[in-house]
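Shown next, in structure tokens, is the structure this report addresses.
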Amino acid sequence: MSQDDAGELQTFHWMMDMLQSVDVGIVVLDRDYRIRIWNGFMESHSGRLPSMVRGKTLFELFPDINAAWFSQKAKPVFELKTRAFMTWEQRPYLFKFHNYRPITGSEPFMYQNITLAPLVSSTGNVDFISMMIYDMTDVATGKKQLEALQVWQTEEQERVSRV
Amino acid sequence: MRGVEVSQMYSVLVCDDSLVARKQVAKCLPQDWPVSVHFARHGEEALDLLQQGKGDLLLLDLNMPVLDGYETLKAIREFGFPTRTIVISGDIQPAALERVTSLGAIDFIHKPVRPDALQEALKRHGIFSPQSSSEETDCSELDPKVRDCYQEIANIAMGQAGDHLARIMNVFVQLPIPNVNLIEVSEMHMMLTDIDSHERVSAVCQGFVGPGIRGEALCILSDSSFDDVAKIFNVQQDVDDQVQLELLMDAASILIGTCLEGLAQQMDVKFSQGHPVVLGQHQAITEITSVTSKRWRKTLAIEISYGLEGYDVHCDLIMLFTEDSMATMNAKLAHLLEE
């Protein structure tokens, strides 16, 4: 093996290690929505090992996810090679995970932003898509608190102006 | 004004370097005993309070920084303070018992303290007898075997963490026995408000999660430690708020990271760690616990107090696990729980 090959292998190894440990959920799905990759974040939060989920469809593993609805989101990613986004404001979560801070966190579950991105093969087709799951709990909690405060402030102003 | 003197409340002084242990001891005092309770973090603080006339009864831990239990007992005898001392310690060597009784302690109770053991001792020495037989309330429902097992893995994890610290910072790390307790929301609240009201500490918390196990690590550093921590980390500039925060984060990352790694290895799991969060001082604390109290009642707490020899550094690391994590933990540790 040449020096370059060894270096590339090393880089590949690093990349895999980072995908495994990055604090973002990474899942690769095929056209049947069968799970091909399930990283450390997904493993920790779902409590399911990669060996338990690989080859199974998203919908049999998580019956709460509406297949028709999800397929509609994913379709343009497969067909048009565009990205699709779901934000926590649309729906708080796709996977019902616990809050990262179970003791001091104020919300019971994790708010999530989801990105679906195409994985283009060498032939130019998209047979697989990647799904990234971001923890938005802190942002959501902050925003909800701020809104509650604004409502309270408006009510208070009305009350004062009436007196 | 004789009445005032007569009605002055009996004072109980609890001296322990561990926050959880102090609360635990205070909670184990008889419910129907009208006393004022004072706290000291080490022998020197206890002596100060005794000087002020506090502490008709002293509940004393042995392993503490600054001034340990033995030295405290000696000093009490020298000064002739009229206090009665019951030692509460995890050190179960017979020599320890002999030593403390020869130094004037009237009794010795093993840690973790239980209400019935403390009441028994109070009764034995005619300090307090309950009017009616109060119902048995356990400080903790943790099976002793399970507790020992958690304590053991915490010990190993802590030892590894201490070793890493010692190598990185070139210091000698003092390792106490970790405290393992099931604590309730109310106690957690007390602990956090304690952090809040005490201006002298800063705290960071970090969530962690693995398959079936989740929790939070809480790292509490006393503000008096910062100058010495800066020395250890070789910080040349002035230690302002910004630098303090940085030091806190650095210390917390090392302590939480190594301890968590040690626990994960022994349970054969991998934990994901969230981003650390500085526990706010104003609204956050009370709000935090008022909201969460709806969701959980009990949490498993492993508390470790680190000290560094030759430095005035005091740091508490508290690993909190949700109650539902314990089933997985016990399964993972089954090989240790079996005879």
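The values are calculated or read from the model by the stated rules, or taken from the named source; none is laboratory data. Quick caveat: nothing in here was measured; it's all calculated off a predicted structure. For neighbour counting, all protein chains shown are included, and Cβ atoms are generated from backbone atoms with ideal geometry for every residue, glycine included.
How many residues does the stretch A:37-80 hold that are within 14 Å of another protein chain (Cβ to nearest Cβ), in a loop (DSSP other than H, G, I, E, B) and under 20 Å from A:F128 (Cα atoms)?
Going residue by residue through the stretch A:37-80, those that are within 14 Å of another protein chain (Cβ to nearest Cβ) are A:38-53.
Adding the requirement that they be in a loop (DSSP other than H, G, I, E, B) leaves A:39, A:47-49.
In the following step, the residues that additionally are under 20 Å from A:F128 (Cα atoms) were identified as A:39.
Count: 1.
If I filter the stretch A:115-133 for residues that are within 14 Å of chain B (Cβ to nearest Cβ), touching a strand residue (DSSP E or B) at 6+ places or on another chain (Cβ under 7 Å), modelled with pLDDT of 90 or more and buried (at least 17 other Cβ atoms within 10 Å of the Cβ), do I get at least one hit?
Quick first cut of the stretch A:115-133, residues within 14 Å of chain B (Cβ to nearest Cβ) only: A:133.
Filter once more, keeping what is touching a strand residue (DSSP E or B) at 6+ places or on another chain (Cβ under 7 Å): A:133.
Narrowing further to those that are modelled with pLDDT of 90 or more: A:133.
Applying the additional criterion that residues be buried (at least 17 other Cβ atoms within 10 Å of the Cβ) yields A:133.
Yes; the residues of the stretch A:115-133 include at least one that is within 14 Å of chain B (Cβ to nearest Cβ), touching a strand residue (DSSP E or B) at 6+ places or on another chain (Cβ under 7 Å), modelled with pLDDT of 90 or more and buried (at least 17 other Cβ atoms within 10 Å of the Cβ).
Restricting to the stretch B:198-222, what's the tally of residues that are at pLDDT below 75 and under 17 Å from the mean Cα position of the chain (by Cα)? Lay out the reasoning, then the answer.
Step one: filter the stretch B:198-222 for residues at pLDDT below 75, giving B:198-201.
Among the residues that remain, those that are also under 17 Å from the mean Cα position of the chain (by Cα) are: B:198, B:200-201.
Within the stretch B:198-222, residues that are at pLDDT below 75 and under 17 Å from the mean Cα position of the chain (by Cα) number 3.
So which residues in the stretch A:82-139 are touching a residue at least 60 places away in the same chain (Cβ under 8 Å) and more than 12 Å from the chain's Cα centre (by Cα), if there are any at all?
A:L119, A:D127, A:F128, A:I129
Take the conditions modelled with pLDDT of 80 or more, buried (at least 21 other Cβ atoms within 10 Å of the Cβ), closer than 28 Å to B:A157 by Cα and away from every other protein chain (no Cβ under 14 Å) and apply them to B:A251. Does it pass? Spell out the reasoning first.
Numbers: modelled with pLDDT of 80 or more: yes; buried (at least 21 other Cβ atoms within 10 Å of the Cβ): yes; closer than 28 Å to B:A157 by Cα: yes; away from every other protein chain (no Cβ under 14 Å): yes.
It is true that B:A251 is modelled with pLDDT of 80 or more, buried (at least 21 other Cβ atoms within 10 Å of the Cβ), closer than 28 Å to B:A157 by Cα and away from every other protein chain (no Cβ under 14 Å).
Please work out which one of (1) under 20 Å from the mean Cα position of the chain (by Cα); (2) surrounded by fewer than 17 Cβ atoms within 10 Å (Cβ to Cβ); (3) not β-branched (V, I, T) is the condition B:S102 fails and give its number.
(1)
I'm trying to understand the selection: among the residues of the stretch A:27-60, which are within 26 Å of B:M329 (Cα to Cα), crowded, with 17+ Cβ neighbours inside 10 Å and in contact with a strand residue (DSSP E or B) (Cβ under 7 Å, 6 or more places away or on another chain)?
Answer for the stretch A:27-60, where residues must be within 26 Å of B:M329 (Cα to Cα), crowded, with 17+ Cβ neighbours inside 10 Å and in contact with a strand residue (DSSP E or B) (Cβ under 7 Å, 6 or more places away or on another chain): A:W38, A:N39, A:G40, A:F41, A:M42, A:S44, A:H45, A:V53.
Looking at (1) away from every other protein chain (no Cβ under 14 Å); (2) in contact (Cβ under 8 Å) with a residue 24 or more places away in the chain, which is the one condition that is false for A:Q153?
With (1) away from every other protein chain (no Cβ under 14 Å); (2) in contact (Cβ under 8 Å) with a residue 24 or more places away in the chain applied to A:Q153, the lone miss is (2).
Just the residues that are within 8 Å of chain A (Cβ to nearest Cβ) and either within 24 Å of B:A157 (Cβ to Cβ) or modelled with pLDDT of 55 or more (or both), please, taken from the stretch B:264-316.
Those that are within 8 Å of chain A (Cβ to nearest Cβ) and either within 24 Å of B:A157 (Cβ to Cβ) or modelled with pLDDT of 55 or more (or both): B:K270, B:F271, B:S272, B:Q273, B:G274, B:H275, B:V277, B:L279, B:R295, B:W296, B:T299.
Return yes or no: is A:L146 free of Cβ contacts under 8 Å to residues at least 12 places away in the same chain and within 30 Å of B:E216 (Cβ to Cβ)?
Values: free of Cβ contacts under 8 Å to residues at least 12 places away in the same chain: yes; within 30 Å of B:E216 (Cβ to Cβ): yes.
So A:L146 passes the test.
Could you list, ordered by first residue, the pairs with Cβ atoms under 6 Å in which the first is in the stretch B:206-217 and at the interface with chain A (Cβ under 7 Å from one of its Cβ atoms) and under 14 Å from A:S106 (Cα atoms) and the second is assigned to a loop (DSSP other than H, G, I, E, B) and of a type outside the set (D, E), at least 6 apart or interchain?
B:G207/A:Y100; B:G207/A:R101; B:G207/B:G274; B:E216/A:R101; B:E216/A:I103
With a cut-off of at least 1 residues that are farther than 19 Å from B:V37 by Cα and in contact with a Leu (Cβ under 6 Å, 6 or more places away or on another chain), name the helices (runs of 4 or more DSSP H) lying wholly within the stretch B:48-128. Let's see the steps before the verdict.
Values: elements: B:69-79, B:94-102, B:115-124.
Ranges flagged: B:69-79.
How many residues, within the stretch A:90-113, are crowded, with 22+ Cβ neighbours inside 10 Å and outside any loop (DSSP other than H, G, I, E, B)?
1
For the stretch B:217-242, give me each residue that is part of a helix (DSSP H, G or I) and over 22 Å from B:G310 (Cα atoms). So that I can check it myself, show each step before the final result.
If we filter the stretch B:217-242 for residues that are part of a helix (DSSP H, G or I), which is where we start, we get B:223-232, B:241-242.
Within the stretch B:217-242, B:D241, B:Q242 qualify.
Residues are listed down the side, and each one gets a yes or a no for (1) surrounded by fewer than 19 Cβ atoms within 10 Å (Cβ to Cβ); (2) not small (G, A, S):
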| site | (1), (2) |
| --- | --- |
| B:R22 | no, yes |
| B:I76 | no, yes |
| B:S89 | no, no |
| B:P94 | yes, yes |
